[in-house]
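The values are calculated or read from the model by the stated rules, or taken from the named source; none is laboratory data. Predicted model, so just to flag it, every value in this text is computed and none were measured. Positions of Cβ are backbone-derived with ideal geometry, glycine not excepted, and every protein chain shown enters the neighbour counts.
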């Protein structure tokens, strides 16, 4: 009897000693599991979301663009240099750096292997840059970053997506002009920074391209075959900088008119770093700057302003004043316009718009001042 009680007592004492350890371990595990969730929630709370097509759309939660229905993407935050641990950078994570003041985007890439399908392609290339999901055998450089992330960074840096070549017959690509440079350093050599254009050559002569730059067309929209959602086609194809007009999916297109022909470019292998070389690509956006003293206004006119020649009236009045912008009809019966130019000239046009053409009646004119950009080349009617 004494032996049985002793064993039971020992077992009870053992359980009492072990239980706190189990409770502490369980609490620690729960804390560790909750910590990443809390960090993720905190990180998401700090994000700002935007539309790849309409960068003016900004909100603190994800969702769809109210203007076009595309999925919103996070605004790219300026990152520390990837090779600067003191600044919090980590070389093992691909990052985009955006400088909104200098209008630049910097991203990592590697040199692609050339001649992989030399028999079939005969040395021809179609791209300067693709994502790792793109045609890595027909390009100079490969980046691990997806197309929509690069697109968002270019918009954040001040770029305005236009439209690809070929959307209208014989039309050239439209959008913000961009100069693209490659930076790298080979072992025992000096640092190199040069335009990527010089690493593309004409197949027939071997002559390198001149540094004329590229056009930020912004790709096109397409349905994701897996989800059915509207996304940038550049995300699906992985095409980021294209050489020919035949492919409208790249974010940037070649502005040179000869690129209407296919298979005319090859890699300038004599100047291209070895395959696998880590490089940095720098996008310098040529963002227009408005002259000092300019004014920009957004105008909404209500009344009998459609079907009375109002848009043509505004265009005719704007041209002799030398102001730039656009005018069009809205579906709700109003007329919308954006006017930019010298302050006194903008004021004169606004006075004329208050009256309008003879058959018009302006009941209300709402004028909102905006920051001048210098982006317009003239005054046009949009519809």
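Among the residues of the stretch 129-149, what is the count of those that are over 19 Å from residue 277 (Cβ atoms) and assigned to a loop (DSSP other than H, G, I, E, B)? Working first, answer last.
So the first thing to find is which residues in the stretch 129-149 are over 19 Å from residue 277 (Cβ atoms), and the list is 133, 135, 146-149.
Narrowing further to those that are assigned to a loop (DSSP other than H, G, I, E, B): 133, 135, 146.
Total meeting the criteria: 3.
Take the stretch 118-128 and flag every residue that is surrounded by 15 or more Cβ atoms within 10 Å (Cβ to Cβ) and in a helix (DSSP H, G or I).
Our first condition is that a residue be surrounded by 15 or more Cβ atoms within 10 Å (Cβ to Cβ); within the stretch 118-128, this holds for 121, 123-128.
Residue satisfying the conditions is 121 alone.
Given the condition modelled with pLDDT of 95 or more, on the phi > 0 side of the Ramachandran plot and in a loop (DSSP other than H, G, I, E, B), answer yes or no: does some residue in the stretch 287-295 qualify?
no
Only one of (1) over 30 Å from residue 174 (Cα atoms); (2) in a helix (DSSP H, G or I) is not met by residue 363, so which one is it?
(2)
How many residues are in contact with a helix residue (DSSP H, G or I) (Cβ under 8 Å, 6 or more places away or on another chain), closer than 24 Å to residue 253 by Cβ and surrounded by fewer than 19 Cβ atoms within 10 Å (Cβ to Cβ) if we restrict to the stretch 269-326?
Of the residues in that region, 1 qualify.
Within the stretch 107-149, track down each residue that is touching a strand residue (DSSP E or B) at 6+ places or on another chain (Cβ under 7 Å) and on the phi > 0 side of the Ramachandran plot.
Passing the criteria: only 123.
Residues to consider are 185, 271; find the one that is assigned by TED's automatic domain parsing to the domain that holds residue 106 and without any contact (Cβ under 8 Å) to a residue 24 or more places away in the chain.
Working: 271 fails: without any contact (Cβ under 8 Å) to a residue 24 or more places away in the chain.
Exactly one residue qualifies, and that residue is 185.
Go through the stretch 177-192 residue by residue and tally those that are over 20 Å from residue 246 (Cα atoms), modelled with pLDDT under 95 and not in a loop (DSSP other than H, G, I, E, B).
So the count comes out to 0.
Of the numbered conditions (1) at pLDDT below 95; (2) surrounded by 24 or more Cβ atoms within 10 Å (Cβ to Cβ), residue 214 fails exactly one; give the number of that condition.
The number of the failed condition is (1).
Taking residue 152 as the residue in question, decide whether it is in contact with a strand residue (DSSP E or B) (Cβ under 8 Å, 6 or more places away or on another chain), assigned to a helix (DSSP H, G or I), modelled with pLDDT of 90 or more and buried (at least 21 other Cβ atoms within 10 Å of the Cβ).
Numbers: in contact with a strand residue (DSSP E or B) (Cβ under 8 Å, 6 or more places away or on another chain): yes; assigned to a helix (DSSP H, G or I): yes; modelled with pLDDT of 90 or more: yes; buried (at least 21 other Cβ atoms within 10 Å of the Cβ): yes.
Here the answer is yes, as residue 152 does meet what is asked.
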